[in-house]
Amino acid sequence: MNKQEFLWGSASSGPQSEGFFDKCNKSIWDEWFIKEPQRFHNYIGPDKTCDVYNNYATDAKLMQEIGLNSFRTSIQWTRVISNFETGEICQDGIEFYREYFKSLNDAGVKVIVNLFHYDMPFELHEQYGGFLSREVVDKFVEYAKVCFDHFDDQVYLWTTFNEPMAYAKEMYHDNRIFPCELDFDKMMLVNYNVVYANALCKQLYASRSYKQKMGIILDCQPSMPRSTRSADLEAANIADLLTNKIYLNPCILGEYSADYFDFIKDNNIKVNILKADLEVIKNNTMDFVGINYYRPTRVKAPTFLPNPKVPMQLDHFFEKYDLPNCRMNNYRGWEIYPKAIYDIGVRIKDEYNNIEWFISENGMGVEDEERFRDSAGIIQDDYRIEFIKEHLYWLKKTRDEGSNCFGYHTWTFIDNWSWLNAFKNRYGYVEYNLTTGERKRKASSYWIEELIKNEYMTKGDNNDINQ
């Protein structure tokens, strides 16, 4: 990417924004909501979300008005494939995405497309176990080819997976994603199969006459030890391995770190690592990486030895540590630590060949934003402006020092549906009215519009974001 062409944008996903309209098949979320609607905040499921399916043209014009030049969303596997066994496509889904992407491109908004954002087709979960199965890896690559064949001319950048470590962890550790099991081996197997699927997609893409670059979106949480004691340092190293290096290393450097293999062996993890897989991974690394950053992970050594009768869990290796008196987003229970964006940039430059990268998600979710509506009806989200401003300061600093960052995307453009939390916390530059469907700009959208006009990231060396 041209360093002077900085990507200002936002991110969302198909299942969190489009709604169920005209889909060929159900995802795990669609089926789970039918079976257990009580698990979802205020019984709000994925059937409608913020109805981008019927309003994408309006949203594209709003992005253009604000000055955003890029947008990341995802294609829903369940919208473009009608038969998972034969690979038969759903023509309505293909036509929808072509019209959607055309609206964005016509508005001067570059389209960044992600292939998988937590939304496993329910049928493939029931029949094969999702990414526990190599059959589903193969079917995912077939689905990717359909997407490449039909949309490559409209897509600026491709990404394969969004936050795959969080996806595996929330399915098989945290009880937050269907099937809500506690099984450390399954969590690690999904991670391994996703790394392999990621490499296979890159191999397929590189073997044909497609034109764009391909990356992966990773949830980076810098692992910060409580102290310099050896036990706390070891805990932070394991947290870093299982949160960050488990994807950064194979996807960028082409190989797992030695401590990954040590961890698998020492803990008798049931993952069948094949030499042929490692060769594919080695030869098909990513062109760039997207980094989702919201908060750091502060850790300490476990206080107690694990009960041998309790299934293996992450807190057998490290415990979360809350820094006393730190700044918090109390609506999410997340620490606010903007400098970590700088540290991530330095790490990518020093440890990962200074690969091209961008902030693919960053943002602040706040509950009951209607409290901050002014007399003109505009939500005055000064807290979001301050949050973004501080993070951009550190992002510009790491970029100015040579880290190869080419963009900044917030989560999200318009308030969208957030899995189990539905619309509890709002993140958008644009407000979404659940009753009327109205879209209305918040104060933060006017602020970022001016910042973009002033070419903050590319104009000179001055890092005073308040000017």
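The values are calculated or read from the model by the stated rules, or taken from the named source; none is laboratory data. As the structure is a computational prediction, the values presented were derived from the model and not from experiment. Here the Cβ is made from the backbone with ideal geometry for all residues, glycine too, and neighbour counts use every protein chain on show. Heads up: the accessible areas ignore ligands, DNA and RNA and are worked out on the full protein's heavy atoms, side chains in. Shrake-Rupley method; radii C 1.70, N 1.55, O 1.52, S 1.80 Å.
So if R0 is 30 Å, what FRET efficiency would Arg295 and Gln38 give, r being the distance between their Cβ atoms, rounded to the nearest 0.05?
Working: r = 28 Å, r/R0 = 0.93.
E between Arg295 and Gln38, to the nearest 0.05, is 0.60.
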Requested in this report: May I ask you to give the solvent-accessible area per residue for region 53-207, in square angstrom, as obtained with a 1.4 angstrom probe?
Outcome: 31 Å²
Report task. Can you work out the accessible area per residue across region 311-373, with the rest of the protein chains kept in place, probe 1.4 Å, in square angstrom? Result -> 49 Å²
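Report the antiparallel proportion of the DSSP beta bridges in the chain as a percent, rounded to a multiple of 5.
The antiparallel fraction comes to roughly 25 percent.
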Query - Simple spin-label estimate for Lys424 and Ser207 in nanometres, 7 Å along Cα-Cβ - result: 4.5 nm
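Could you sort out which of Lys139/Lys202; Lys35/Lys186; Lys245/Lys396; Lys186/Lys282; Lys320/Lys424 sit more than 21 Å apart by Cα distance in this structure? Numbers along the way, then the final one.
Numbers: Lys139/Lys202 15 Å; Lys35/Lys186 23 Å; Lys245/Lys396 24 Å; Lys186/Lys282 23 Å; Lys320/Lys424 25 Å.
With Cα atoms farther than 21 Å apart: Lys35/Lys186; Lys245/Lys396; Lys186/Lys282; Lys320/Lys424.
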Query raised in the report: How many nm separate the modelled label positions at Glu234 and Glu367, each set 7 Å beyond the Cα in the direction of the Cβ?
Result: 3.9 nm
Report task. May I ask for the equivalent-ellipsoid semi-axes of region 85-232, computed as the square root of five times each C-alpha gyration tensor eigenvalue and listed largest first in whole Å? Result -> 30, 21, 14
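Just order 46-56, 317-327, 404-414 by mean Cβ neighbour count inside 10 Å, highest at the front, would you?
Values: 46-56: 19.7, 317-327: 13.9, 404-414: 24.9.
Sorting 46-56, 317-327, 404-414 by mean packing, highest first, produces 404-414, 46-56, 317-327.
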**Report entry** Label corresponding to P(r) over Cα pairs in 20 Å bins from 0, in percent when calculated from the structure given, among (i) 24, 61, 15, 0; (ii) 21, 53, 25, 1; (iii) 23, 55, 20, 1
**Finding:** (i)
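Nearest 0.05, what FRET efficiency do Glu95 and Glu401 give at R0 = 60 Å with Cβ-Cβ as r?
Values: r = 46 Å, r/R0 = 0.76.
The calculated FRET efficiency here is 0.85.
How much accessible area per residue does region 378-467 have, in Å², with a 1.4 Å probe?
Working: 3320 Å² over 90 residues.
On a per-residue basis, 37 Å².
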Query - Two-site FRET efficiency, Asp106 against Phe304, from Cβ-Cβ distance with R₀ of 51 Å, rounded to 0.05 - result: 0.30
Report summary line: According to the Cβ-distance criterion of 4.7 Å, cysteines of the chain with no possible disulfide partner are Cys50, Cys147, Cys180, Cys201, Cys220, Cys251, Cys326, Cys405
**Report entry** Accessible area of the chain belonging to carbon and sulfur atoms, whole % at 1.4 Å probe
**Finding:** 46 percent
**Report entry** Long-range HN-HN contacts of Cys90 with modeled amide H, under 5 Å
**Finding:** Ile81, Ser82
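If I take all pairs of Cα atoms in region 161-266, what percentage of them are more than 25 Å from each other?
Numbers: 1527 of 5565 pairs.
Cα-Cα pairs of region 161-266 separated by over 25 Å account for 27 percent.
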